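The values are calculated or read from the model by the stated rules, or taken from the named source; none is laboratory data. Small disclaimer: the values here were computed from a predicted structure and weren't measured. For neighbour counting, all protein chains shown are included, and Cβ atoms are generated from backbone atoms with ideal geometry for every residue, glycine included. The accessibility values were calculated without ligands, DNA or RNA, using every heavy atom of the protein model including side chains. Shrake-Rupley method; radii C 1.70, N 1.55, O 1.52, S 1.80 Å.
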Amino acid sequence: MSVRKFLSSDAVLESKKIDADSQEVTKILLSDQDRTFHFKDVNGKEAVGNLFSTRAKIAAAMNIEAGGIVDHISDAIANPKPVKVVDKPAFRKASVPADLYSLPIPKYFPEDGGRYITAGVIIAEWNGVKNVSFHRMMIAGKNKIAVRLVPRHLFTMHKMAKAAGKELNISICVGIRPEVLLAAAISLDYGIDEMEIASSMHMSSFKRPLEVGRCDNGILVPADADYVLEARITMDEMKEGPFVDITGTYDTIRSQPVIEVDKIWTSDKPVFQLLLPGGNEHYLFMGLPREPMMLRTVRQAVPRTHAVRLTEGGCCWLHGVVSITKNKEGDAVNAIMAAFTGHPSMKQVTIVDGDIDIFDDRQVEWAIATRFQGNRLLRIPDAAGSSLDPSIEGTTWKIGIDATLPFGSDGKMFKKATL
C-alpha cells in the first residue's frame, strides 16, 4: 500500500461520489495543486491526486531534504543497488476481474480521447533486458489500452518482440513509491535496470533495498504497489489521443500500440494514484530526473556549478536556470551550451551567480533585470527541440541568457543593499 502511507494528515478528503467522466477530479486538483486530495468515491473506489506535487513532498517521502533531490538521484545513478525479491508481496492481496472501466480512472479534460492512466509505470523485460518507464495510457475497452510509445526503450523492446512474432509481456503499476516514479523517468542507457536505481535511492534513505514481487507473467514489480495490471503489448494498433500533455495543450492523435490486460492485482484497501496532466506533479516527475543530467554536463564545463533547476513556468521541461561561480570569462557561455547538452529538450536557459536562489523566480528575474544586457544573449538557430513544444516548427531556436556578474568584478554595484 504505497499510496496510503504517504497520505498526510492535511490531505483534503473529498467524500462525495464523482463520475470519472465528469472532469470534476480535474477541477478539484487544479483548485490547489500544493494540496493532496483524497477521493473516497471515484467510480466507487478510492483515489488520490497531487500526492507528490511539490519538491518538499517528494523529498519527505524519500526521507531527504528538498535541496538534496538532485544529488540523491545522481548518487543512485552512479551506484545502482539490487532489489530484494519477497515471496508474499502486498500487491497480491486480491485479484479482480480485468475490467478497466471499474477502476477510478478519470477523463481529465473535455477533448481527451478517453479516460487515461497517468501515474502508471510500465515494467517490461525482453531477452534479459529490463525497463521501467512512464507512458500515458488511454482506456480503449474493458481490457484494452492504447499506449503512447515514444521511440525509446519500451518502443525498442516492442519492436524486437514484433520482429520475433511475439507479444511483449508487461506489468502496469499504479500507486508506487516516488523512488520508482523518479527512476522510471530517467533517461539511461539501454539495458540498465531502473529498478536498481530506485533501490539505491531507497537504500540510501532507509538502509534497506527496494522490495519487489513476481507477477504470474514473470515480471518483477514493486512489492507494495496498490494496483498491478498484468498485460501484453500486442501486434495491433489504434488511434490514441487527443491528450493534454505537459504544456497544458492538447497533443495530437496518433496510431499507437494496443495493450491487452489479463489480470488486475490489488493491495489491501488500494488507492489509485491520479497525476494531473499539465499539472505541477506532472512537471516534477518529468523534469526532476533530467536535472542530474544537466548538473553533470554543466559541471564538466564549469567546475563550480552550484545547482540546476527546470522551472515550473517552463513546464519543468522547456526552461531552466543554472547557478555558477565563474573561474574565467566565458564560463557562462560554456554553461549554457553544456546545459543544452544535458537536457536537449530545453530551449531557454538562464545562468546566474551563486548568490541568486534559483528556486526563487523573483530573484532570477531580478538577476536578469540588473545583470543582463541583450548583447549577451546566445541564440542557437535550427536546433532539434521537444515534440511537446506547441510552438515548434520542425526545428527550434534555443536561447541562453548570461545574467552573471563580469568576471573579476567585486560585484558591489550589482548587489542589493543590506542593513
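Please determine whether any residue of segment 235-255 is touching a Ser or Thr at 6+ places or on another chain (Cβ under 7 Å) and on the phi > 0 side of the Ramachandran plot.
yes
Please go through segment 340-363 and give me each residue that is of a type in the set (A, V, I, L, M), closer than 19 Å to Gly67 by Cβ and not in a loop (DSSP other than H, G, I, E, B), ordered by number.
Val352
Could you go through segment 321-329 and let me know if any residue there is out of contact with any helix residue (DSSP H, G or I) (no Cβ under 8 Å at 6 or more places or on another chain), among the hydroxyl-bearing types (Ser, Thr, Tyr), open to solvent by less than 10 Å² (accessible area, probe 1.4 Å) and at pLDDT 95 or above.
yes
Can you find a residue that is among the charged types (D, E, K, R) and under 13 Å from Glu14 (Cβ atoms) anywhere in segment 69-82?
Checked segment 69-82: no residue is among the charged types (D, E, K, R) and under 13 Å from Glu14 (Cβ atoms).
Identify, by number, the condition in (1) crowded, with 23+ Cβ neighbours inside 10 Å; (2) assigned to a helix (DSSP H, G or I) that Ile368 doesn't meet.
(1)
Does segment 127-150 include one or more residues that are within 19 Å of Ile197 (Cβ to Cβ), out of contact with any Cys (no Cβ under 9 Å at 6 or more places or on another chain), without any contact (Cβ under 8 Å) to a residue 60 or more places away in the chain and of a type outside the set (Lys, Arg)?
yes
Can you name every residue in segment 98-144 that is over 20 Å from Val180 (Cβ atoms) and part of a strand (DSSP E or B)?
Across segment 98-144, the qualifying residues are Met138, Ile139, Lys144.
Can you tell me which residue is least open to solvent (accessible area, probe 1.4 Å) among those in segment 10-34 that are under 16 Å from Pro106 (Cβ atoms), of a type in the set (D, E, K, R) and within 24 Å of the chain's Cα centre (by Cα)?
By that ranking, first place goes to Glu24.
Could you please let me know if Ile192 is among the hydrophobic types (A, V, I, L, M, F, W, C) and open to solvent by 10 Å² or more (accessible area, probe 1.4 Å)?
It is true that Ile192 is among the hydrophobic types (A, V, I, L, M, F, W, C) and open to solvent by 10 Å² or more (accessible area, probe 1.4 Å).
So how many residues does segment 35-60 have that are of a type in the set (S, T, N, Q), closer than 26 Å to Asp268 by Cβ and either buried (at least 20 other Cβ atoms within 10 Å of the Cβ) or modelled with pLDDT of 95 or more (or both)?
3
Does Leu154 count as in contact with a Ser or Thr (Cβ under 8 Å, 6 or more places away or on another chain), surrounded by 20 or more Cβ atoms within 10 Å (Cβ to Cβ) and closer than 23 Å to Ile77 by Cα?
Yes.
For the structure I just gave you, tell me whether Thr305 is among the β-branched types (Val, Ile, Thr) and open to solvent by 10 Å² or more (accessible area, probe 1.4 Å).
Answer is no for this residue.
I need every pair where a residue in segment 404-416 that is at pLDDT 75 or above has its Cβ under 6 Å from the Cβ of a residue that is surrounded by 10 or more Cβ atoms within 10 Å (Cβ to Cβ) and in a loop (DSSP other than H, G, I, E, B), sequence separation at least 6 or different chains.
Close Cβ pairs satisfying both conditions: Leu405/Gly411; Phe407/Lys326; Phe407/Glu329.
Select the strands (runs of 3 or more DSSP E) contained entirely in segment 209-307, then report the ones holding at least 2 residues which are in contact with a Lys or Arg (Cβ under 7 Å, 6 or more places away or on another chain) and of a type in the set (Phe, Trp, Tyr).
none
Quick check on my filter: what residues within segment 374-397 are modelled with pLDDT of 95 or more, farther than 25 Å from Thr252 by Cβ and either part of a loop (DSSP other than H, G, I, E, B) or open to solvent by 70 Å² or more (accessible area, probe 1.4 Å) (or both)?
Arg379
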